[in-house]
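Every number in this text was worked out from the coordinates using simple rules, so none of it is lab data. Computed from a predicted structure; not experimentally measured. Positions of Cβ are generated from backbone atoms using ideal geometry, with glycine treated the same way; all protein chains shown enter the neighbour counts.
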Amino acid sequence: MTAVQEPRIPQAPQASPTLGRRQHPVGLYAALAVTAFFLIALIAPQALATHDPFALALGDALQQPGFTHWFGTDEQGRDLYSRVVFGARESLLIGAGATAVSMTLALILGTAASLGGRVIGAIAARIIEIQFAFPTLLLALLLVAIAGPSALSQVFAVAIGTAPGYARMIRAQILTAKNSGYVEAATALGHSRGRILARHIIPNAVRPLVAVIAMSIGQSIVWASSLSFLGLGVAPPSPEWGALLEAGRLYITHAPWLTVIPGLVIVVLAIAATTIGQHIQRALERGEK
């Protein structure tokens with residue numbers, strides 16, 4: 001007589017030891033490290049620089065990157081690494097200033113287009129559409145050509161060129177908040193229009209823009225550097241990154257590091273700002289769930 005075997009109960013698959021663990025955001029840590037480096041360069045560039053960024057040494061002109069000069073030297077023997085470090089202040093201030101002006105204009109236009117009533121809303125919407133008709137760089141070039149090349153004209157040119165996109169985004173956020181359930185509940189409770197606007201609509205519409213602001217700073221630096229590269233920004237011998245690009249393009253064939261390294265610095269900072277902005281956006285989305 002054969003023994004009856006008990007049916008085997010299938011075992012639940014064991015979870016991987018790494019499953020469920022929170023992965024370390026290496027990209028975020030790298031972005032924060034890059035941002036911290038440039039913030040130190042903004043506040044105290046002398047703590048990071050290895051040479052005087054304005055000291056001329058014609059005997060060391062156009063040296064390749066090495067142990068003495070990490071990023072090489074320019075046509076006048078100035079240390080390129082130190083110039084990049086000292087140029088961070090001007091580049092970051094231009095990017096932050098352009099972002100602040102752009103967001104202020106966008107907030108005014110977006111709020112007027114969504115809450116300004118039929119006439120004011122239509123005027124604000126038409127202004128946004130007219131600005132959208134011009135490519136960002138073309139509009140910035142036009143404004144700088146009128147005002148003249150300078151850091152201030154760069155700030156306003158980049159701000160006016162990028163404001164329409166943010167204005168449309170703010171308009172959509174305000175309309176979404178305006179038609180939400182919590183605004184309807186506040187209206188039913190008899191709250192005034194001003195209180196609903198100040199406590200419910202504007203805060204909930206602006207909160208997602210925190211991530212956009214972080215990304216916008218990097219984008220503004222790229223636009224401002226583009227203007228400087230075209231000769232419509234801060235003029236040499238300023239170490240502003242776009243000015244370094246413009247000065248290095250004359251030696252691109254036999255000293256490519258004068259253009260490649262400042263360009264890589266701009267790209268790295270833009271990527272770092274975008275990465276931080278994306279993580280902020282994800283954190284805000286998780287908080288809303």
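According to the square roots a ≥ b ≥ c of the eigenvalues of the Cα gyration tensor, what is the shape class of the range 18-124, taking rounded for a/c under 1.5, prolate for a/b larger than b/c otherwise, and oblate for the remainder? In terms of gyration-tensor shape, oblate.
Here the relative contact order of the chain, from alpha carbon pairs under 8 Å that lie six or more residues apart, stands at 20 percent. Site pair Gln278 and Leu32 shows an inter-label distance of 1.7 nm when each label is modelled 7 Å from Cα along Cα→Cβ. The order of the peptides 243-253, 77-87 by mean Cβ neighbours within 10 Å, most packed first, is 77-87, 243-253. A prolate overall shape is assigned to the range 72-116, the ratio a/c of its alpha-carbon gyration tensor axes (a ≥ b ≥ c) being 1.5 or greater and a/b exceeding b/c.
Taking the Cβ of Ser114 as the center, what net charge do the other residues with Cβ under 13 Å away carry, scoring Lys and Arg +1 and Asp and Glu -1?
Numbers: positive: Arg118, Arg168, Arg171, Lys178; negative: none.
Local net charge: +4.
The local environment of Ser226, defined by Cβ-Cβ distances under 14 Å, has a net charge of -1 under the rule Lys, Arg +1 and Asp, Glu -1. A simple charge model with +1 on the Cβ of Lys and Arg, -1 on the Cβ of Asp and Glu and nothing else charged puts the dipole of the chain at about 1400 debye relative to its Cα centre.
Sorting the segments 92-101, 114-123 by their residues' average number of neighbouring beta-carbon atoms within 10 angstrom, most packed first, yields 92-101, 114-123. Residue ranges 271-278, 131-138 sort as 271-278, 131-138 when ordered by packing (mean number of other C-beta atoms within 10 Å per residue, highest first). Per-residue ellipticity at 222 nm from helix content only, as computed over the chain with -39500 (n - 2.57) for each DSSP H run of at least four residues, stands at -22000 deg cm²/dmol. Rounded, prolate or oblate for the chain? Axes are the square roots of the Cα gyration tensor eigenvalues, ordered a ≥ b ≥ c, and the cut-off for rounded is a/c under 1.5. It comes out oblate by the Cα gyration axes.
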